[in-house]
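Since the structure comes first, as structure tokens, the remarks are kept for the end.
The values are calculated or read from the model by the stated rules, or taken from the named source; none is laboratory data. This structure is a prediction, so every number in the text was calculated from the model and none was measured. With ideal geometry, Cβ positions are generated from the backbone for all residues, glycine too; neighbour counts draw on all protein chains shown.
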């Protein structure tokens, strides 16, 4: 899926959170948004995943404005996008059922109701979990193939985050929107998720990533966008943005000496 | 009245049947009414939400005799629903137990729906859920609280004496079978006429029934 943001703005109650942001994510491309906390990265990602509707400008998925579509057609677009949040927020059930949720809710209602009835009956007599191949495959991609029958509540923070990544992968989305997915992870878990990002790119999926980790941005991105106070300061090929940033503020941010005083940028 | 003793299984069976039928029907009806209200209130922000929540919570402690009195007045021949001729019928008892159980179920379900993390709703939406899916997933996340609410409502209904006595009349037929006599009203009667043994057995049956229903529901709810 090709995602295009054209001068997109977003505000709540008259307060601007994003102003005139333009960027695109093509198939098989990893675009990373960097910027200080409060710059609007999460809002940008929520707009990209169609959680929120832009208050200005145009957002297009494959040249179509999803917000001009009927709710049903927009749902079809939304279901081609997978979102991973900074916090894992797994459902209170097994790992396998967490990963499988996206596929379950895509089934027609009669089939879902039959499944629900079967599970209720199972609970009265026995409770033997089973697992689907697609679920296993998604879990194996994040290195948790043998954890499928565990209770989600028993996972460590890193495992839970990997499961929430697998949950997004399981529906095979054309566009992955990842909001600081590795912020709570150790280097090993981070490497596993970065491999999964690479694999998605190889399969031709687009990835829009927000991160605070400059090394990660350098490692995984095709292009990097620097967001500051809701404005896109600079966007370009990862190597160029890190080696030879066009904007002084980008240069200072990637060097790590962009400082704030009372929310004012120090000159 | 030897036929109305614990030695007569017909008497006991018919009382238990009336109790269970009335209370289970009442709880089913009030659950069907309460859960949508709990969801509508829990999922939206509007002026007066705190007032509505306060009214629901007050309803949890509503005295059952007062409910019985109000239902009786509504159903009596001079009341607005007098033409239905429901006074001293199991239907009237179902209605009054419904009124008593609904605030309990709504209140407990509402607080558990509201305690589901916003992030969980986002996650449900993020995997491609429709609004109905998000609501269902939230319900699943809140299921232990919702089940507790339904069980508390059932407990309130089946153990309640005041209103069923007023609107039901504690009637048994001449052959010893119950029309509107429930376990609780039977216990009251047996105690009053000194049949403590029968009253105790009925009490034990009531406890066993509540335990059984709790056990089955908890098992279905996954705990």
Review point. How do the pairs read when you match residues in the stretch A:70-82 that are more than 9 Å from every other protein chain (Cβ to nearest Cβ) with residues anywhere that are part of a helix (DSSP H, G or I) and surrounded by 12 or more Cβ atoms within 10 Å (Cβ to Cβ), using Cβ under 9 Å and keeping only pairs 6 or more apart or on different chains?
Key: A:73/A:66; A:74/A:66; A:74/A:67; A:77/A:66
Review point. Quick one: in the stretch A:83-101, which of the residues that are facing chain B (nearest Cβ under 9 Å) and over 17 Å from the mean Cα position of the chain (by Cα) is nearest to residue A:169 (Cα to Cα)?
Key: A:91
Point to revise | Top-ranked residue in the stretch B:124-178 [being within 14 Å of chain A (Cβ to nearest Cβ) and part of a loop (DSSP other than H, G, I, E, B); ranked as nearest to residue B:68 (Cα to Cα)] | key: B:142
Check your understanding: Is it the case that residue B:194 is crowded, with 21+ Cβ neighbours inside 10 Å and either over 21 Å from the mean Cα position of the chain (by Cα) or within 30 Å of residue B:81 (Cα to Cα) (or both)?
Key -> no
Exercise for review: Filter the stretch A:98-110 down to residues that are buried (at least 20 other Cβ atoms within 10 Å of the Cβ) and touching a residue at least 40 places away in the same chain (Cβ under 8 Å), then give me how many there are.
Suggested key: 5
Point to revise | Candidates A:238, A:225, A:217, filtered to the one that is surrounded by fewer than 20 Cβ atoms within 10 Å (Cβ to Cβ), in contact with a strand residue (DSSP E or B) (Cβ under 7 Å, 6 or more places away or on another chain), under 18 Å from residue A:178 (Cβ atoms) and in contact (Cβ under 8 Å) with a residue 24 or more places away in the chain | key: A:238
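Conditions (1) touching a residue at least 40 places away in the same chain (Cβ under 8 Å); (2) more than 14 Å from chain A (Cβ to nearest Cβ); (3) in contact with a helix residue (DSSP H, G or I) (Cβ under 6 Å, 6 or more places away or on another chain); (4) surrounded by fewer than 17 Cβ atoms within 10 Å (Cβ to Cβ), marked per residue:
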| position | (1), (2), (3), (4) |
| --- | --- |
| B:55 | no, yes, no, yes |
| B:70 | no, yes, no, no |
| B:81 | no, yes, yes, yes |
| B:84 | no, yes, no, yes |
| B:105 | yes, yes, yes, no |
| B:116 | no, no, yes, no |
| B:120 | no, no, yes, no |
Practice item. Report the residue count in the stretch A:124-164 for those that are within 14 Å of another protein chain (Cβ to nearest Cβ) and in contact with a helix residue (DSSP H, G or I) (Cβ under 6 Å, 6 or more places away or on another chain). Key: 4
Point to revise | Residue ID - nearest to the other protein chains (Cβ to nearest Cβ), chosen from residues in the stretch A:47-57 that are surrounded by fewer than 19 Cβ atoms within 10 Å (Cβ to Cβ) and touching a helix residue (DSSP H, G or I) at 6+ places or on another chain (Cβ under 9 Å) | key: A:51
Check your understanding: Among the residues of the stretch A:205-217, is any within 14 Å of chain B (Cβ to nearest Cβ) and modelled with pLDDT of 95 or more?
Key -> yes
Review point. Across the stretch A:172-192, what is the total count of residues that are over 12 Å from the mean Cα position of the chain (by Cα) and farther than 21 Å from residue A:26 by Cβ?
Key: 10
